[in-house]
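No value in this document is a laboratory result; all are computed from the given coordinates. In this text the structure is predicted, and so the values were computed from the model without any measurement. In this analysis, Cβ positions are derived from the backbone assuming ideal geometry, glycine residues included, and neighbour counts consider all displayed protein chains.
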Amino acid sequence: MTPRSDGPEELPIRADDDVVRVRQLVRTYAQQVKLSLVDQTKLVTAASELARNTLVYGGGGFARVEIITADGRTGIRASFHDEGPGIPDLSLALADGWSSGKGMGLGLSGARRLVDEFDLDSEVGRGTVVMVVKWKR
Amino acid sequence: MERVPILKIGGVLLVSIQIDLQDQSVLALQEDLAEKISATGAHGVVIDISAVEIVDSFIGRMFATIASISRLFDADTVVVGMRPAVAITLVELGLTLGGVRTALDLERGMRILENIGRERGRTGLEAR
Ligand SMILES: Nc1ncnc2c1ncn2[C@@H]1O[C@H](COP(=O)(O)OP(=O)(O)OP(=O)(O)O)[C@@H](O)[C@H]1O
Ligand SMILES: [Mg+2]
C-alpha cells in the first residue's frame, strides 16, 4: 500500500444530509484500504447510526475519519464528536433495545457489533465521543 | 432534499430507491406512499432496494412502517433486491424487518403480490 501523507478528514454533522456525507466519506476510506464489501457495509452502517445519534441526541457535532496502521494491519477509524448533554448511564445506552426517544435502541449496540473496536466516552453536560475501528482482514 | 419517485404499474406501486437516503427523504417517501395508495387503490407496493448500499435502523424501520401503512389500505408490501452485504449487516445490527415480505428480485416480488391477490379474489395485477 502506498503510504498516505494527508491526515484525518473531518465533516460537520449539523443536518440530515450531513449524515449522508459522512456515510460517503467513510465508504471512500473503506474502499481505499480495500476492506471487503461486507466489512465496508458494516462500517458505513455503524457510521450512519453514530452520526445520526450525534445529530439527534448530541445536537450536532462532527465526524473524523482516518486510515490507521498498527502491527502491520491497516484499518479505518471513525469517530463522532458532540458537545451535547452526554449519556448519564452508559450501560443502559449500550443495551439492545433501550432508547430515551422513540428509536429502537439499536444504534449503539448494533454499531458495536458491526465493528472490531468500539469506544464510548461521554460526560454529562460535556458531550459524547464514540470511536470505532474496522481492520482490514 | 431528494424525493424517491413512485411509479404505478397496473395495481402495483413500484418504488425503486436510487438515491442516498437521508432521513427526511425516508419520511417523505412514507407520506407520499400513503397518499398514493389511498388515491390509486393500489393493492401492492414493491420497494426495490437493489441499488441501496446500506440499510441502517432508520431505513429498516421504514420498510415495516410502509408495510403497516399499506395494510391499512388493504395493500401488501414486498421489499426486493436486498444486497447480500446489506442482509448480513442487518442481521448483525439486530434489525428484524418486522414481518415485511421480501423477495430476491422484482419479478419474484411481483409474483408474490399476484399470488396474494389471487388468494384474496383479485384478478392479476389490474387496478381495482
Ligand atoms: N451522542 C449522544 N448524546 C447523548 N445521548 C446519546 C447519544 N447517542 C446515544 N445517546 C443515548 O443513547 C440511547 C441509545 O442510543 P441508540 O442509538 O442505541 O438508540 P436510539 O437512537 O434511541 O434508537 P435507534 O438508533 O435504534 O433508532 C439514545 O436513546 C440516547 O438516549
Ligand atoms: Mg440511534
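Over the stretch B:6-119, what is the relative contact order in whole percent, taking alpha-carbon pairs under 8 Å and six or more residues apart?
26 percent.
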Q.
Test of understanding: ordering B:M62, B:M1 by Cβ neighbours within 10 Å, fewest first, what list do you get?
A. B:M1, B:M62
Q: Lys and Arg at +1, Asp and Glu at -1: add these up for the other residues within a Cβ distance under 14 Å of A:K102 and post the number.
A: +1
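What net charge do the residues around B:L14 carry, taking every other residue with its C-beta under 9 Å from that of B:L14, with Lys and Arg at +1 and Asp and Glu at -1? Write out the running numbers ahead of the final one.
On the way: positive: B:K8; negative: B:D48.
Net of charged neighbours comes to 0.
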Q: Mind checking which of B:V52, B:A28, B:F63 is farthest towards the positive end of the stretch B:1-99's charge dipole, using Cβ charges of +1 (Lys, Arg) and -1 (Asp, Glu) about the Cα centre?
A: B:F63
**Q.** For the protein assembly as shown: lysine pairs under 20 Å (alpha-carbon distance), excluding those fewer than 8 apart on one chain
**A.** 6
Q. Along the charge dipole of chain A, which of A:S99, A:V132, A:Q24 sits closest to the positive end, that is, farthest toward it, with unit charges on the beta carbon of Lys, Arg, Asp and Glu (+1, +1, -1, -1)?
A. A:Q24
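Considering only DSSP beta bridges with both partners in the stretch B:6-119, what is the antiparallel share in %, to the nearest 5?
Numbers: 4 of 17 bridges.
Restricted to the stretch B:6-119, the bridges split so that about 25 percent are antiparallel.
Nothing charged except the Cβ atoms of Lys and Arg (+1) and of Asp and Glu (-1): what's the magnitude of the dipole of chain B about its Cα centre? Round to the nearest 20 debye.
On the way: 13 positive and 17 negative charges, 105 e Å.
Taking the Cα centre of chain B as origin, the dipole is about 500 debye.
Using only DSSP helix segments of four residues or longer, with each worth -39500 (n - 2.57), what per-residue ellipticity at 222 nm results for chain B after dividing by its residue count and rounding to 500?
Details: 4 runs with 58 residues, N = 128.
After summing the helix terms and dividing by residue count, I get -14500 deg cm²/dmol.
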Q: Please sort B:19-26, A:65-72 by packing, taking for each peptide the average over its residues of neighbouring beta carbons within 10 angstrom, highest first.
A: B:19-26, A:65-72
(Q) With Kirkwood's inverse mean 1/r over C-alpha pairs for Rh, give me the Rg to Rh ratio of the stretch B:6-119, two decimals please. (A) 0.94
Q) What is the order of A:R23, A:R14, A:R112, B:R120, fewest Cβ neighbours within 10 Å to most? A) B:R120, A:R14, A:R112, A:R23
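Using the Cβ atoms and a cut-off under 13 Å, what net charge is assigned to the surroundings of A:S79, where Lys and Arg are +1 and Asp and Glu are -1? All intermediate terms of the calculation are to be shown ahead of the outcome.
On the way: positive: A:R64, A:R77, A:K134; negative: A:E9, A:E10, A:E66, A:D82, A:E117, A:D119, A:D121.
In short, -4.
For the protein assembly as shown, give me the percentage of DSSP beta bridges that are antiparallel, rounded to the nearest 5 percent.
Working: 34 of 47 bridges.
Approximately 70 percent, going by the DSSP bridge assignments.
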**Q.** Protection proxy ranking of B:75-83, B:106-114 - average other beta-carbon atoms within 10 Å, highest first
**A.** B:75-83, B:106-114
**Q.** Inter-chain Cβ neighbour average for residues B:87-97, partner chain, 10 Å
**A.** 5
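In debye, nearest 20: dipole of the protein assembly as shown around its Cα centre with unit charges on the Cβ of K, R (+) and D, E (-)? Walk me through the numbers before you get to the answer.
Working: 31 positive and 36 negative charges, 152 e Å.
I would put it at about 740 debye.
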